[in-house]
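This report refers to the structure that appears directly beneath it.
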Amino acid sequence: MSDGSGFPGFHSHSYDRDYARPLFRVASFSDSGDEQENHVSSPQARSHSTSRTTSSKAVAPSRLSPSVSRPSMKNMQQVIDEKSMEEEEMELMKEKYTKLLLGEDMSGSGKGVCTAVAISNSITNLYATVFGTCHRLGPLSPEKRSMWNREMDCLLSICEYIVEFSPTVQTMPDGSTHDVMATSPRSDILMNLPALEKLETMLLGILDSFHKPEFWYADQRNQSFNESKKSFQRSEDKWWLPEPCVPDAGLSDRMHRELQQNRDQASQIHKMAMEINSSILSEMQVPLSYLETLPKSGRVGVGDAIYRYMSSGDQFSPEHLLNFLNLSSEHEALEIADRVEAAMYVWRRKASTTHVVSKWENVTELNADGDKNLILASRARSLLLCLKQRFPGLSQTTLDTSKIQYNKDIGQAILESYSRVLESLAHNIVSWIDDILIANENAKKGHKIRMQKQVFSQISPQR
């Protein structure tokens with residue numbers, strides 16, 4: 001879709017889901033726009049059209065008062081502007097549709113990516129275009145909101161045609177029955193897509209709820225160096241982001257309560273989106289290119305220190321292990337995640353030689369039957385989940401990136417990218433609210449100190 005810069009959580013780089021409606025609507029406007037253009041392009045055609053209209057209504061042009069003609073000209077200009085905007089949107093949709101068909105290979109030589117990857121990139125780039133420059137808590141602009149709804153409607157409508165066949169009995173009018181194959185939405189799409197659409201509605205509702213907030217933002221780049229001390233100080237690595245500002249006495253109790261409630265809701269949405277994304281990724285096939293790069297043993301992959309902790313004792317706590325590792329940055333966390341994930345697949349491969357496992361997510365230490373490889377694989381998976389929860393903005397692991405790159409299932413591509421962008425948006429909303437809450441806490445502390453100094457200055461002269 002729209003090209004855009006990357007955003008946190010990515011390596012690279014309401015709603016009526018009716019696909020036909022927006023396209024037919026644009027097409028009809030485009031056709032009528034051509035007609036309008038033919039009528040308006042030449043003065044002779046315009047005068048001929050006007051005379052035809054006036055003669056059919058038996059109204060002489062001289063009887064049109066200025067009060068009637070001026071609004072008519074204004075309405076005509078408004079219609080022309082709207083139709084030209086629709087034509088621009090139509091051309092933009094043609095361009096995006098062409099990129100999808102060509103697999104992002106504009107040479108047309110067939111060397112582009114597969115359809116699943118192209119759609120996944122389209123959703124990712126659309127998110128970066130709409131939300132990539134959004135760094136403050138507040139409603140989306142009408143233009144970006146319209147772009148998001150329109151293009152997501154088109155992309156998600158593909159899922160309406162992804163079905164699975166199941167045998168069923170059909171009763172005919174004469175009472176006879178026949179065995180037929182009926183179609184129904186694929187089970188993973190039927191279960192996850194409505195949930196993701198609900199999460200999207202809730203996230204956009206959170207942003208819309210701050211249309212008249214008590215806080216505002218100050219652009220760091222436009223502030224003077226000698227400006228008075230602010231209630232919020234952003235870290236140096238994010239100096240370019242706007243800083244939240246609150247009143248000197250802090251936010252009202254109502255606004256503070258509303259912020260806290262929305263933060264809790266966005267945090268729950270983030271966990272749900274992350275869970276859906278993890279389940280979709282787990283169902284994707286592991287590329288052969290990734291399996292060829294796995295280490296010879298899990299111990300070599302994770303290192304001696306982590307291996308000893310994971311293999312010793314009956315009780316394993318991923319929280320204690322992460323505390324022991326004392327990871328200070330997301331870069332270190334991503335490196336550990338890659339190593340643990342590679343070791344997990346090594347242990348799973350070894351365990352599969354003696355056990356038949358239909359779904360590895362159901363394997364726990366309790367049903368591992370004492371198999372050391374199953375136990376280590378289960379502990380590695382719990383460590384990965386704990387690591388992603390502790391670092392919610394963690395980038396994709398090498399395995400996740402490889403799965404997305406080589407995935408050919410269009411339904412999984414849509415669900416994975418959709419859940420991933422919602423996960424990123426929820427994380428950003430939580431981060432924005434945290435910044436405001438920190439600024440509010442600092443402002444209230446400063447206000448309390450100022451009030452104490454004022455009281456002290458009033459008491460001191462009396463002594």
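The values are calculated or read from the model by the stated rules, or taken from the named source; none is laboratory data. Keep in mind that this is a model prediction, so the values were computed, not measured. Here the Cβ positions follow ideal geometry from the backbone for every residue, glycine too, while neighbour counts run over all protein chains shown. Surface accessibility is based on the protein's heavy atoms, side chains included, excluding ligands, DNA and RNA. Shrake-Rupley method; radii C 1.70, N 1.55, O 1.52, S 1.80 Å.
Tabulated data
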item: Relative contact order (%) - segment 286-406, alpha-carbon pairs under 8 angstrom, separation at least six; result: 38
item: Inter-probe distance in nm under a simple model that places probes 7 Å from Cα toward Cβ, at THR168 and SER146; result: 4.0
item: Over 23 Å between alpha carbons, listed pairs LYS111/LYS403; LYS350/LYS403; LYS271/LYS372; result: LYS271/LYS372
item: Ranked order, VAL421, VAL169 - accessible area, probe 1.4 Å, largest first; result: VAL169, VAL421
item: Area accessible to solvent at HIS135, 1.4 Å probe radius, in Å²; result: 60
item: Counted charge near MET106, where neighbours are those whose Cβ lies closer than 11 Å (Asp, Glu -1; Lys, Arg +1); result: -1
item: FRET efficiency for ASP264 and CYS114, using Cβ-Cβ distance with R0 set to 41 Å, rounded to 0.05; result: 0.55
item: Prolate/oblate/rounded call for segment 286-406, Cα gyration tensor, a/c under 1.5 rounded; result: oblate
item: Solvent exposure ordering (accessible area, 1.4 Å, most first) of PHE210, PHE456, PHE316; result: PHE456, PHE316, PHE210
item: Summed side-chain charge close to LYS144 - residues other than LYS144 whose Cβ falls under 12 Å, Lys, Arg +1, Asp, Glu -1; result: 0
item: 12 Å beta-carbon shell around GLU416, net charge (K/R +1, D/E -1); result: -3
item: Out-of-range pairs (alpha-carbon distance over 24 Å; input LYS99/LYS408; LYS388/LYS445; LYS144/LYS408); result: LYS388/LYS445; LYS144/LYS408
item: Solvent accessible area, Å² - ARG450, 1.4 Å probe, full protein context; result: 120
